[in-house]
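Structure, as structure tokens:
Just so it is clear, none of the values below were taken in a lab; they were calculated from the coordinates. Computed from a predicted structure; not experimentally measured. Note: ideal-geometry Cβ built from the backbone for every residue, glycine included; neighbour counts use all protein chains shown.
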Amino acid sequence: MKVTFQGNPLTVLGRQVALGEKAPNFTAINLDLTDFNYQESDKIRVISVVPSLDTPVCSLQTTKFNMALEELEGVEVTTVSVDLPFAQARFCEDEGIKNLTVVSDYKYKDFAKKYGCFIEELHLLTRAVFVVDNNGIIKYAEYLEEITSEPNYEKALEVVRNLLI
């Protein structure tokens, strides 16, 4: 997959996940520096991937999914970045993020490897969104070609709403 940052090409490492595949389990770091283990669940889940919460588009992506959760009961959203947990905690406090889980892949890069999201040149994650059904199957996968672009929120949330029916 070709990914750019402000039009400049970047190298993304790892194999991208595809629709119909089992969502890989991964280990990341919680805001309190404990391990976060993404395991199978009986809930519908959204994984929102951002390069850094300290950028306008990443902030917007995270707050939009946080607001969407207020209307969608029974859905879990996990935001993944490689920001340090201290910065993530500050962001969540400043932005009032309470409806989703924010985790860091800075230590293990386990998520980056398993979902094909690691940008070699920047040591950041590429922007992406995944929707996983209650059987752990990927029902929506969007990797953005330009990491400064916003994801298609409506399309991702439409998949979520259809899974809730």
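Along the range 36-49 the Karplus relation, 6.51 cos²θ - 1.76 cosθ + 1.60 evaluated at θ = phi - 60°, assigns HN-Hα couplings of 10, 10, 7, 10, 4, 8, 9, 9, 6, 9, 10, 10, 9, 10 Hz to successive residues, with x for each Gly and Pro.
Spin-label model, Thr4 to Glu21: label points 7 Å out along the Cα-to-beta-carbon direction sit 2.6 nm apart. In order along the range 66-79, the phi-based Karplus estimate (6.51 cos²θ - 1.76 cosθ + 1.60, θ = phi - 60°) of 3J(HN,Hα) comes to 4, 5, 4, 5, 4, 9, 10, 6, x, 10, 10, 10, 10, 9 Hz; Gly and Pro are listed as x.
May I ask you to list the GluC sites (Glu not before Pro) in the range 8-116 that are in a DSSP loop and have at most 10 other Cβ atoms within 10 Å of their Cβ? Those that pass, being in a loop and sparsely packed, are Glu70, Glu71, Glu73.
Number of Lys-Lys pairs in the chain with C-alpha atoms under 24 Å apart and a separation of 8 or more places or on different chains: 29.
Rg and Dmax of the chain, based on Cα coordinates, read 14.4, 42 Å. If the Kirkwood radius is taken over C-alpha pairs of the range 1-85, then at 10 °C and 1.306 mPa s the Stokes-Einstein diffusion coefficient equals 106 µm²/s. Can you tally the net charge around Leu124? Count Lys and Arg as +1, Asp and Glu as -1, for every other residue whose Cβ sits under 13 Å from the Cβ of Leu124. Local charge sum for Leu124: -3. The range 69-141 and the range 1-49 have Cα centres spaced 7 Å apart. Under 5 Å between amide hydrogens, built in the peptide plane, is the criterion, and for Ile44 it picks out Glu76 among residues at least 5 positions away or on other chains. Using C-alpha pairs below 8 Å separated by at least 6 residues, the relative contact order for the range 66-111 is 47 percent. Within the range 1-89, the trypsin sites (Lys or Arg not before Pro) that combine a DSSP coil assignment with at most 15 other C-beta atoms in a 10 angstrom radius are Lys2, Arg15, Lys43.
Can you tally the net charge around Tyr115? Count Lys and Arg as +1, Asp and Glu as -1, for every other residue whose Cβ sits under 10 Å from the Cβ of Tyr115.
+1
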